[in-house]
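Structure, as structure tokens:
The values are calculated or read from the model by the stated rules, or taken from the named source; none is laboratory data. What you are looking at is a predicted structure, and each value in this text was computed from that prediction instead of being measured. FYI the Cβ positions are ideal-geometry reconstructions off the backbone, even for glycines, and counts take in every protein chain you see.
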Amino acid sequence: MYIDDPGGQPCFTDQLTQGNLEKADFLISQSGDYQIRVINQSSSETAVYALAYEQIEPIPADFNVDSIVNGDDLSELSFAWLQDPHLLNDESRLRLDLIPDGIIDLNDFSHLLQFWLMTDPRYYPWP
Ligand SMILES: [Ca+2]
Ligand SMILES: [Ca+2]
């Protein structure tokens, strides 16, 4: 199974799936059409495929989407300090503006602190 982002770059690739269930976790970081390709690698079987998806929103201040709000996220916020995220030429940077007013400032920092060390138990591997 292959998943390409709207720019044609692979965001998930798994050619070794042997079973009949494959789970692909990947970040939808751009707007546009993502392409999912499933290739039947068996020459002796008839293959039937089904596709289901679930969109899971990350914790609001989990900017790097590693399922915890910590210093890495604070670092991302600090790199955009007092900037307009709309001018950073990176759609994913818009999430830094937690209080959406067009500037990364103390209000966004305060909002980040409300989620400090919060984890997403669905994906965060440690208690
Ligand atoms: Ca994080
Ligand atoms: Ca803001």
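Screening ASP33 against (1) at pLDDT 85 or above; (2) surrounded by 11 or more Cβ atoms within 10 Å (Cβ to Cβ); (3) in a loop (DSSP other than H, G, I, E, B) leaves a single unmet condition, (2).
Which of the residues that make up segment 108-127 are loosely packed, with under 12 Cβ neighbours inside 10 Å and among the charged types (D, E, K, R)? Of everything in segment 108-127, just one residue is loosely packed, with under 12 Cβ neighbours inside 10 Å and among the charged types (D, E, K, R), namely ARG122.
For segment 67-112, name all the residues that are within 14 Å of ligand 1 (Cβ to nearest atom), of a type in the set (A, V, I, L, M) and in a helix (DSSP H, G or I). Within segment 67-112, LEU74, LEU77, LEU96, LEU112 qualify. Of the residues in segment 72-86, at least one is more than 14 Å from ligand 2 (Cβ to nearest atom), over 16 Å from SER29 (Cβ atoms) and either aromatic (Phe, Trp, Tyr) or in the same structural domain as ILE36 (by TED's automatic domain parsing) (or both). Within segment 96-107, being surrounded by fewer than 19 Cβ atoms within 10 Å (Cβ to Cβ) and either more than 9 Å from ligand 2 (Cβ to nearest atom) or aliphatic (A, V, I, L, M) (or both) holds for ILE99, ILE103, LEU106. Residues that are within 16 Å of the chain's Cα centre (by Cα), closer than 22 Å to ILE3 by Cα, at pLDDT 85 or above and surrounded by 10 or more Cβ atoms within 10 Å (Cβ to Cβ) do occur in segment 67-89.
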